[in-house]
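Here's the structure we're looking at; comments come further down.
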Amino acid sequence: MLNIALPKGRLGDKVYSLFAKMGYDCSEFLEDTRKLVIENPDSGVRYLLIKPSDVGIYVERGAADIGVVGKDVLLETDPDVYELLDLNLGKCNLAVAAKNGYVEDTDRTLRVATKYVNVTKNYYKGLNREIEIIKLNGSIELAPILGLSDVILDIVETGTTLRENDLSVFEYVAPSSARLIANKSNYQFKSEEIDRIVARMKEELL
Ligand code: PRP
């Protein structure tokens, strides 16, 4: 069995469709179920439905052989895995955003609200800028609106959330898209099958 970690949600649905087209279908995936492990012995595949931020750790520790996760999450969690392929799905940008018309006061410590604590630390370290991180878990855009932070560092996909909350991108940090990753030692054992998947995926994504 090949164990594949999929991020639960929109990206996971797209990635499952891709695997299904390649012959790794699993009819249970399309059922309205709360199951977290679904498998199809005929196609030799077991899907693990995982919170996106945890996909890297499941693959790093070998609970999953391969997985799909956003580059934003890889930059944040930095798992020790092989990054095999850019799927060009789930494209977005990590960016710093602030209220429209925001002007930075460089004499003050910058208050940054984010769930990307490590990305934020690294980004501002590179700029030599002193910051205070306010760790949030969602609806990050609220922070500058309510004066909880000066800026946010978050992903921007369509830009709708920023626009509808009178915020705009202040600086781009890094582009992101879905990546196929593999456990380093499991890859040695299953390299033939995993390489076949990579080749088939490249064809499907052309
Ligand atoms: C993400 C992100 C932004 C939004 C960006 O939030 O944190 O809020 O999507 O997308 P957009 O540019 O297309 O509007 P998500 O929906 O994952 O929910 P969250 O606020 O709970 O993190």
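Using equal-weight Cα scatterers in the Debye expression, the normalised intensity of the range 45-151 in log10 at q = 0.16, 0.24 Å⁻¹ is -0.82, -1.34. Applied to the range 139-155, the Karplus parametrisation 6.51 cos²θ - 1.76 cosθ + 1.60 on θ = phi - 60° returns per-residue 3J(HN,Hα) values of 6, 4, 4, 5, 4, x, 4, 8, x, 6, 9, 7, 9, 10, 10, 8, 8 Hz, with x for Gly and Pro.
Helix 10-21 and the longest principal axis of the C-alpha atoms of the chain enclose an angle of approximately 20°.
Take the Cα coordinates of the range 1-44, assign each an equal point scatterer, and use the Debye formula without solvent to give log10 I(q)/I(0) at q = 0.21 Å⁻¹. Normalising to I(0) and taking log10 leaves -0.68.
Could you please report the charge total around ARG61, scoring K, R as +1 and D, E as -1 over all other residues with beta-carbon less than 12 angstrom from its beta-carbon? If you can, show how the numbers build up before the last one.
Details: positive: LYS184; negative: ASP54, GLU60, ASP65, ASP80.
Value of the local net charge: -3.
Amide H contacts of PHE170: VAL96, ALA97, ALA98, each under 5 Å away and 5 or more positions distant or on a separate chain (H built 1.01 Å from N in the peptide plane; Pro and chain starts excluded). For the chain, the average shadow cast by the Cα convex hull is 12.6 nm², which is a quarter of the hull's surface.
Could you state the angle between the C-alpha long axis of helix 117-127 and the longest principal axis of the C-alpha atoms of the chain, as a value from 0 to 90 degrees rounded to the nearest 10? For 117-127 against the chain, the angle is about 50 degrees.
Of the listed pairs LYS135/LYS184; LYS99/LYS135; LYS51/LYS91; LYS35/LYS202; LYS14/LYS71, which have alpha-carbon separations greater than 27 Å here? Write out the running numbers ahead of the final one.
Working: LYS135/LYS184 31 Å; LYS99/LYS135 19 Å; LYS51/LYS91 18 Å; LYS35/LYS202 29 Å; LYS14/LYS71 16 Å.
Correct reply: LYS135/LYS184; LYS35/LYS202.
Quick one: pull the percentage of alpha-carbon pairs in the range 85-203 with a separation above 20 Å. List each step's numbers first, then the result.
Values: 3567 of 7021 pairs.
In whole percent, the share of Cα-Cα pairs in the range 85-203 beyond 20 Å is 51.
Take every DSSP beta bridge with both residues inside the range 62-206 and express the antiparallel ones as a percent of the total, to the nearest 5. Approximately 75 percent, going by the DSSP bridge assignments. Compactness check for the range 140-206: Cα Rg over 2.2 N^0.38 Å is 1.79.
Read-outs: derived from the displayed coordinates by stated rules, not from any lab. None of the values given here were measured: they were computed from a predicted structure. Note that each Cβ is placed from the backbone with ideal geometry, even for glycine, and that neighbours are counted across all protein chains shown.
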